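Worksheet: the structure to be examined is printed underneath.
The values are calculated or read from the model by the stated rules, or taken from the named source; none is laboratory data. Bear in mind the structure is a predicted one, so any value in this text is a computation, not a measurement. Here the Cβ positions follow ideal geometry from the backbone for every residue, glycine too, while neighbour counts run over all protein chains shown. In case anyone asks, the SASA skips ligands and DNA or RNA and just uses the protein heavy atoms, side chains included. Shrake-Rupley method; radii C 1.70, N 1.55, O 1.52, S 1.80 Å.
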Amino acid sequence: MGNLLAIKVHAVNIADTMGGCHVYQAVKNKFSSIRGGCGDAGYRGTFASFVRVKYGELVDISEGILAKAWQVLPKRWCVERTFAWANWSRILSKGYEIKSVYEENDFMISHLHTLLKRY
């Protein structure tokens, strides 16, 4: 459905594959019943290894993004749609906040507003 379970805003010098580890830990702390996840090809290294070693779970890596021909990736569409919805929020259009925790809260409030409008 594209609902956010956790969000982490980190510095630019942290690669997505490392940032994904922090997000997955936050999700597991909140929702211990989650038994895996999915990601694009950028998460196939450190993130997939981290989830397998620490939690003994598998991550479904979408390799279709590397294909030469265009194709629909259904799980990826949910993620991209969620970020597209966030682009309608004016407060997220620029980096107004000084601390990353404030930016995370703004994103969650924006997403909550979107969900309340749609459902």
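Ligands, DNA and RNA left out, the 1.4 Å accessible surface of the chain is 60% carbon and sulfur atoms.
Distant-in-sequence amide contacts of residue 40, defined by a placed amide H-H separation under 5 Å and a gap of 5 or more residues or a different chain, comprise 62.
Could you report the range 1-117's accessible area per residue, 1.4 Å probe, as an integer in Å²?
Numbers: 8300 Å² over 117 residues.
Per-residue value: 71 Å².
Scanning residues 5 or more positions from residue 57 or on other chains, those with amide H under 5 Å from its amide H are 52, with H placed 1.01 Å from N in the peptide plane. Compute, for the chain, the length of the dipole vector about the Cα centre, with Cβ point charges of +1 (Lys, Arg) and -1 (Asp, Glu) only. Units Debye, rounded to 20. With Lys and Arg at +1 and Asp and Glu at -1, about 200 debye. Across the chain, Cα-Cα distances exceeding 19 Å account for 55% of all pairs.
With a cut-off of 12 Å between beta carbons, the residues surrounding residue 9 carry a summed charge of -2, where Lys and Arg count +1 and Asp and Glu -1.
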